[in-house]
Amino acid sequence: MYKLNNKGESIAPCGMPHTKGWRVAMLSPSTTLRPPPWRKETQAPASNPTDAPAPAETLRAAAPACSSAPAALHHAQAQQRRRGRRTVPGARAHLRRRPRAGQAGGRGQAARRFPPRSSARPVGGASGAERQRRKDAARRGAARPLRRPPAMSPVRSSPPAPPRSPALRGAGGRGPARPRPSPEGPPGVQAARLGRAGKRGARAALPRRRSGAKRPRKQQQQQEAEAEASPAGDAQTRPEPGGGGNLFEAVKAGKSATESVVDEWLESYKEDRELGFLELLNFLVQSCGCRGVVTFEMLKSLQNSQIIQRLTESFDEDSAEYPLSLNTLAWRRFQRGFCEVIAVLVRHIQFDIVYDEYLMDSLIAVLTGMSDSQVRAFRHTSTLAAMKLMTGLVHVAVRVSLQKDNSQRQYEAERAKGLSRQAPERLEGLLEQRREFQEKQEELENLMNAVFKGIFVHRYRDLVPEIRSICVEEMGQWMQRYSISFLTDGYLKYIGWTLHDKQGEVRLKCLQALQGLYCNQEMASRMELFTSRFKERMVSMALDKEPQVAVEAVRLLTLILQNMEEVLRDSDCENIFPLVYAASRPLAVAAGEFLYKKLLAPEDCAREEEERHEGARAFLQRLLSFFIESEFHDHATYLVDSLWDCAAALLKDWQVLTGLLLEEPPAEGIGDQQESALIMILVASMRQTAEGQPPVGRISGKKALTARERKAQAEDRLKLTQHLIPLLPQLLAKFSADVEKVVLLLEAPRYFDLTLYSTGRLEKYLELLVAQLWEVVEKHTDKEVLEAASRTLSGLCHPEFAFYSRVDSACSRFVDHLADKFQHEVAELLQSSVVEEEDVYSLAATLKRISVFQSAYDLTPWCFFEPCIHLLRRAVDTGEVPKQVVIPAMTCSHFSLLWELTHFSSFSSSGPPPSQVQLLSLKDKVTSFCSLCQSCLFDHDYDIQEQAFVLLSDLLLIFGPQLAQGGQEVLQALVYQAEPALQSQLAGFLMDHIFSPAQAPESDEEEEEELQIERLHQRRILLAGFCKLIVYGVVELSAASDVFKHYAKFYNDYGDIIKETLNRARQIDRAEWAHTLLLSLQQLLTQLLLEQGPAGIESAAFLEIRDLARRFSLLFGLHRLQNRSALVTLHKDGIKFAFQETGSPSSKLGLVNLPFLELLSEFSPRLLYPDKALLLSYLKKISQAHASHRGELCWASFTVYQHSLIPQEGVSSPPSSATKKREGSATKRRRLEESSEPGSSGLHLDSRLQTPLLTSTALKGKPQLRWGSQESGSQSEFLQRQPQLGSEYFQEGFQSQKQQEDGHRQGRRPDRLLLMEDEEDMIEQETSEEEEEEVEILE
């Protein structure tokens, strides 16, 4: 028990002042604390303070026989204070604590009850009058025996304690205070206390206290009776604790306020701190997900490491999950509650219990031991608790530091007064108060040092990234809150090192922690050494692979740029500037803010309107300079979007933007290039103002606009429209001759509020705009300009506008002019035998304008179809019509057919159906036009061929079988079926211009990169158009063989398109799809034999074909039961093709197609085992008919295929799915090596003999592979005979699938074709377990 001397200071039970020096001496291993003998004696007056202080050993030896101990101890304490010995930290916080005597003779130490938090000493210390009152009370109390206050009396008749909350009620009732056990504690406590006296090391052992739960009243009375008979009784026996389950459940439920939960626990702790601590300890254990419970006996007899070892054995080994690792809503709420409990706990004990040298020491010792555990749950939970505890201590230390500084200032101010005005008692009180705060600060620093060196130093580099993130995140809080102690290079280095962490989550926490430091200019100035050391790393993190990390890195660099001048060099900034064009909008916005503050921000905040405009002009000129120098001239929209969040006001200054464009003469530094860039920025700003959405291709992730944002956007759009409507005709008139500029300006009306033309009485500006549009159309024939003008007129010609009639009449007059001119020029061209170049140019320009406008307007009343058809027939028949006229004539005819079909569709849905005559008339037009386009496919000009292919693909798709679906049965007469000849010609165009070697990427090295990309894009469009015809059933599925056979060779360019077509075709008809795959392989092998002869089997081209077969086989992995029939048919047709002889009976070439069996062997692993057995039987039957060719080399391929169907001997049970995965992956890794090893198993094709040259085999055409009369039964009968084999052969086949696949598959694929290895591995692993399930079903 602590007592108070006559000065109100806390003294130890033996009578010695409670200082750290006394604690070191008294807690030596040979020391035993004894109960104070002066419980019922009065205190003697204070002795002379000038007497020499007694040594600690003398006081300890004299304590049991001391009768007037308080006076002697007061004297000793005064002498020690003069010698600089400090009293115990927190002693002043217990000034109101009164000693109490024991109630029964023979009991050990008197128990004490902590006062409630409300009775704690107020911050700043007591006043001088209060201190004097306490001194007088202490002197009066020295003449009479000490008595326990009534509120602290432990008699049985004391009023019952208030009921506890349901969250903590299970721990038992709250009885009177019980005597404390012997302070010697469990093993290791005394040594730990010795370590607390000095500097704490990285692993300073901290004391571990015993604790337990409260006992029932009956059991407590029995134990108190035993304790009265034996003074040491309470140190020997202890009830078992109730654990921390109630506290854990309260936090998990989240129904009780954290403040009340912590207050309830504190009340139980003050009644019995050991049981209270044990409850907190079990709360931590349960928070780890451990099912074990720490009992009082365990805590009494075992070391921390032994306790943790026992708890480790109580973990559930079936699951690696624990509360902090779960991401459900309930457990996320628990995680927040867990952190809040630690924070609230430290906040509630900051005035008293944090200095009691029991709770904090014991808790830190336990957390240190748990953080060293190999169990992830222990490390994670204890590290989180320790870091939150450290953060709470930092907050307390900051408060104590402020109080100490305030006390120091008050003391200095009091000393600065004159001698007549000084108050000695106040000076003494302030000095004592400052000393107390100094002691508290040192105590807190010791605790924080123990947490940092014992836990943080080891866990910041933990294997688990979540633990590392916790450490770094909390360290950032420490540095921000307590920068005096933590903002040093010794602590900053840990964050700098962690910037190189492999996990993006940890790097993100580091950057966020540094942002909190660099946002303060004063803190940033103290980090010069850290910045110079890690600046290069922070700059490089702007290109981090994790988008969020890159965003935070750029934001950090922006803070460094603001608060630390001349730290970032120009070379560092140049790495950040290009990020304004990034696809990720958060990253681009962060880079835009960096760019704005580095280069574009106005120097001063102008207040007057003229100064504001000057600042905006300077901003735009710097922006233009950056945009031009960045060489991203086509991405002004992305630049504006990046700067919108920080410079929207400047980008929406329409007066300055248009003023710079219309200014005459142009402003200094504004040339033609600057004008083009300024128009780009103007239009991009208009788009951003009107739409408020990021440009195409930029990921935003932003939610829908709020009502306030939509209202602000509407107001900005209205201001934009009001300013630009009068000026747009002027801008078009000034820049009408420049194609690039006028195309951009024609997009401006799309962002206007067009209703303002009528509501604002601005029709005259509308007429000027339409007039400028026709002038632009008359001047230009470029497709881009005409399309832009067409879109603008389309936006103005809406019936919902009040000015619709004006714009529509103007359009009609202009189309009339074009129609008259076109009819006249066409008549001259068809009648004249010699065509003038000027006439051709005029007709081509007119046709371009008509074709472009017809894409947006219905020009059917002007009947442009017939003249265009005449031109096309003339071009096909004579070839005298130039290309400039043919291409727009084809486009105009195409749109005429589509507009006419649109009329019929609208009639059938909302009006009377079209007549049969009208339908047949349109059908005839479609037929004639398709016939002309089919003829154009053979034109010598590639542009005409390409245009014909595109228009045919669209028309065949639109007028395909789906035209009469969806309630449009009346249009069945319009369905157009493509003839086989047309399908063949379309496929031939693909072969000549899409998959030809001339179009391969290797041949385009001499061309410019941009041109290569553009041509590749155009080829992809053509291929996608043909694949649509396959998917929608317009052409036969077998026509896809010309596409599928190039899957591997052109995977880089068209792999995604062909793969999607393969998947869609499989859903249409699996049998026909499998036949198409087989046909693709047959065509490739036949072509190889024609080009290279039998020697081609040894070439790399054959390896490519075999690799393609392997890729095709992967498509049969999923849904094997559904693919079963198609796969069997594929094998049977393949066997027939392999044994197909040449057409001439006298030919000696033999079985030239026999190597095809080697390709079929790639499909064998996908077969079910009954099908393998039947196919093997069928193979033997077919081979017996060609026994005369046994001496040929190609029979090695027959052996390879036969081995792929034969079960391997010596295997007694089927391999497990895990074994299959391992063997399959190992086979893939060794496939290339095994193919080149001389001693590898399997047959090698290098020893084959030469065969005669192949003379005749069709390259194209679908071979008629049907079951002949020599076969016994149909395909269904073939499958029905499967059960006749019995289960024994089926079992053997099941056992040997993987061995046959590994032992007899020839690994002959070149490295450059391994483009989809990862994807194939994934598919094979997914299907391994499904194979076993399907076989079990068949069994």
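What length, rounded to one decimal in nm, is gained on full extension from MET523 through to ALA737, with 0.36 nm per residue of separation minus their alpha-carbon distance?
Details: separation 214, 0.36 × 214 = 77.04 nm, distance 5.79 nm.
Extending this stretch completely gives an extra 71.3 nm.
From the C-alpha coordinates alone, can you work out the Kirkwood hydrodynamic radius of region 945-1100, in Å?
Computed over Cα pairs of region 945-1100, the Kirkwood hydrodynamic radius comes out at 17.1 Å.
For the pair THR927 and GLN1092, what calculated FRET efficiency results from E = 1/(1 + (r/R0)^6), where r is the Cβ-Cβ distance and R0 = 45 Å, to the nearest 0.05?
0.55
Note the full-extension length gain between GLN503 and ASP489 as 0.36 nm times their separation in residues minus their Cα-Cα distance, in nm to one decimal.
2.7 nm
So, in nm, how far is label LEU1016 from label THR755 when the simple model puts each one 7 Å beyond its Cα toward the Cβ?
4.8 nm
Can you work out the accessible area per residue across region 894-959, with the rest of the protein chains kept in place, probe 1.4 Å, in square angstrom?
43 Å²
Given contacts defined as C-alpha pairs under 8 Å and at least six residues apart, what's the relative contact order of region 632-752, whole-number percent?
Relative contact order, region 632-752: 33 percent.
Per residue and in cubic angstrom, what volume does the convex hull of the Cα atoms of region 845-931 have?
It comes to 89 Å³ per residue, whole-number rounded.
Using a 1.4 Å probe over the heavy atoms of the protein chains, calculate the carbon and sulfur portion of the accessible area of region 599-704 as a whole percent.
49 percent
Under 18 Å from a point 7 Å along the Cα-to-Cβ line of ASN1052: which residues of region 1016-1032 have their amide N that close?
Residues 1016-1020 fall inside that zone.
Using a 1.4 angstrom probe, figure out how much accessible area region 310-467 has per residue, in square angstrom, rounded to the nearest whole.
42 Å²
What order, most packed first, do the peptides 319-332, 293-306, 1119-1132 have when packing is the mean number of other Cβ atoms within 10 Å of each residue?
Those peptides, ordered most packed to least, come out 1119-1132, 293-306, 319-332.
Between GLU1008 and ALA704, how high is the FRET efficiency from 1/(1 + (r/R0)^6) when r is the Cβ-Cβ distance and R₀ = 45 Å? Nearest 0.05.
With a Förster radius of 45 Å, E is 0.60.
At 1.4 Å probe size, with the rest of the protein present, what percent of the exposed accessible area of region 1023-1150 is carbon and sulfur atoms?
Roughly 49 percent, rounded to a whole number.
Would you mind classifying region 848-889 by shape? Square roots of the alpha carbon gyration tensor eigenvalues, ordered a ≥ b ≥ c; an a/c under 1.5 is rounded, otherwise it is prolate if a/b is larger than b/c and oblate if not.
Because a/c hits 1.5 or more and a/b fails to exceed b/c, region 848-889 counts as oblate.
Can you tell me the accessible area per residue over region 578-714, all protein chains present, probe 1.4 angstrom, in square angstrom?
Per-residue value: 50 Å².
Points 7 angstrom from Cα along the Cβ direction at LYS255 and SER905: gap in nanometres?
6.1 nm
LYS545 versus THR312, label points 7 Å from Cα toward the beta carbon: distance in nm?
Going by the 7 Å Cα→Cβ label model, 3.3 nm.
Let me make sure I get this right: for region 330-407, a, b and c are the square roots of the gyration tensor eigenvalues over alpha carbons, sorted descending. Under 1.5 in a/c it's rounded, otherwise prolate if a/b > b/c, else oblate. Which is it?
prolate
Determine, at each q value in 0.22 (inverse angstroms), the log₁₀ of I(q)/I(0) that the Debye formula gives when each Cα of region 617-656 is one equal point scatterer.
-0.73
List the trypsin sites (Lys or Arg not before Pro) within region 493-527 that fall in a DSSP loop (any state other than H, G, I, E or B) and whose Cβ has at most 14 other Cβ atoms within 10 Å.
Sparse-neighbourhood loop trypsin sites (Lys or Arg not before Pro): LYS502.
Students often get this wrong, so check it: of LYS779/LYS923; LYS509/LYS545; LYS252/LYS388; LYS923/LYS1045; LYS502/LYS535; LYS252/LYS502, which have C-alpha atoms separated by over 26 Å?
Checking Cα-Cα distances, LYS779/LYS923; LYS923/LYS1045; LYS252/LYS502 exceed 26 Å.
What length, rounded to one decimal in nm, is gained on full extension from ALA1024 through to GLU836, with 0.36 nm per residue of separation minus their alpha-carbon distance?
Extra length from ALA1024 to GLU836 when fully extended: 63.8 nm.
Give the carbon-plus-sulfur fraction of the accessible surface of region 400-511 in %, rounded to a whole number; probe 1.4 Å, heavy atoms of protein chains only. Mind showing how you got there, number by number?
Details: 2350 of 5020 Å².
Here carbon and sulfur together make up 47 percent of the probe-accessible area.
If I take all pairs of Cα atoms in region 462-525, what percentage of them are more than 17 Å from each other?
More than 17 Å apart: 32 percent of the Cα pairs in region 462-525.
Rounded to the nearest 0.05, what FRET efficiency do GLU778 and ALA714 have when you use their Cβ-Cβ distance and R0 = 30 Å?
That gives a FRET efficiency of 0.25.
Counting alpha carbon pairs within less than 8 Å and at least 6 residues apart, what relative contact order, in whole percent, applies to region 420-529?
Relative contact order here is 22 percent.
The values are calculated or read from the model by the stated rules, or taken from the named source; none is laboratory data. Just so it is clear, the structure is predicted and the values come from calculations on it, not from any experiment. A quick note on method: Cβ atoms are made from the backbone with ideal geometry, for glycine too, and the neighbour counts reach across all protein chains shown. Note: areas computed on protein heavy atoms with side chains; ligands, DNA, RNA excluded. Shrake-Rupley method; radii C 1.70, N 1.55, O 1.52, S 1.80 Å.
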